[in-house]
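Everything on this sheet refers to the single structure shown next.
The values are calculated or read from the model by the stated rules, or taken from the named source; none is laboratory data. This is a predicted model, so every value here is computed, not measured. Ideal geometry is used to build each Cβ from the backbone, glycine not excepted, and the neighbour counts take in all protein chains shown. Just the protein is used for accessible areas: all its heavy atoms, side chains included, with ligands, DNA and RNA removed. Shrake-Rupley method; radii C 1.70, N 1.55, O 1.52, S 1.80 Å.
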Amino acid sequence: IQELIWKIKPDLIIETGVAHGGSIILSASILEMIGGNGKVIGIDVDIRKHNRKEIEKHKLFKRITLLEGSSIDPSIIQKVKQLSRDKKKILVFLDSNHSFSHVFSELQLYSPLVSLGSYIVVFDTVIENIPKENRSWGRGDSPMTAVRKFLLSNKNFIVDKKLEDKMLITVAPGGFLMRVK
């Protein structure tokens, strides 16, 4: 992810799934090193009060906008579109609800925002290969199944295997989608 952000040098990174805020802080820190005015939008259905407090007091919060709500909610999508309207290079990380239907909706909603040569990274595609345990999603209902269906109908993106091949282990096999058209 660090290498990808450094290579793209995005004006905006959109991240679905905030949890404790580690990935949005990582993204903001790399944008800070790059310089310029790059921003991060972090979206989560539930940004816990103590997590929000820690994120907001971080010195890089100046680069972060937190949106609380579902990443596929029309009002959240509208806010993201407003925040991204003047941005030239946009990178998207999808890491929220891991069900097929949710990730497929995210792919359809956020893919038009991704700039040519940039990426949507779909995390946890590896779930497709892990036995289902105590969760509602799993084999056949995962980020990977959403990626596969999305790529069947959207020829603007390809799986970038070069990034994946650099790593020995990844939680996102087949999930590095580069915009080529």
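Looking at segment 128-179, which of the residues that are of a type in the set (Gly, Ala, Ser) and in a helix (DSSP H, G or I) is farthest from the chain's Cα centre (by Cα)?
Only one residue fits best here, namely 153.
Specify which of the listed residues (40, 92) is without any contact (Cβ under 8 Å) to a residue 40 or more places away in the chain, in a strand (DSSP E or B) and within 14 Å of the chain's Cα centre (by Cα).
Every option except 40 fails the conditions.
Within segment 32-48, can one find any residue that is of a type in the set (Lys, Arg), out of contact with any strand residue (DSSP E or B) (no Cβ under 9 Å at 6 or more places or on another chain), surrounded by fewer than 16 Cβ atoms within 10 Å (Cβ to Cβ) and over 26 Å from residue 137 (Cβ atoms)?
No, there is no match, as no residue in segment 32-48 is of a type in the set (Lys, Arg), out of contact with any strand residue (DSSP E or B) (no Cβ under 9 Å at 6 or more places or on another chain), surrounded by fewer than 16 Cβ atoms within 10 Å (Cβ to Cβ) and over 26 Å from residue 137 (Cβ atoms).
If I filter segment 67-88 for residues that are open to solvent by less than 30 Å² (accessible area, probe 1.4 Å), touching a strand residue (DSSP E or B) at 6+ places or on another chain (Cβ under 6 Å), outside any helix (DSSP H, G or I) and within 20 Å of residue 177 (Cα to Cα), do I get at least one hit?
yes
Looking at 105, 142, can you tell me which residue is under 15 Å from residue 17 (Cα atoms), open to solvent by less than 40 Å² (accessible area, probe 1.4 Å) and either without any contact (Cβ under 8 Å) to a residue 24 or more places away in the chain or of a type in the set (Gly, Ala, Ser) (or both)?
Going through 105, 142 in turn, the sole match is 105.
From 23, 29, which residue is open to solvent by 20 Å² or more (accessible area, probe 1.4 Å), modelled with pLDDT of 95 or more and under 15 Å from residue 122 (Cα atoms)?
After ruling out the rest, the residue left standing is 23.
Within segment 89-99, track down each residue that is modelled with pLDDT of 95 or more and surrounded by 20 or more Cβ atoms within 10 Å (Cβ to Cβ).
Within segment 89-99, 90, 91, 92, 93, 94, 95, 96 meet the criteria.
Against the condition in contact (Cβ under 8 Å) with a residue 24 or more places away in the chain and open to solvent by 30 Å² or more (accessible area, probe 1.4 Å), how does residue 178 come out, does it pass?
yes
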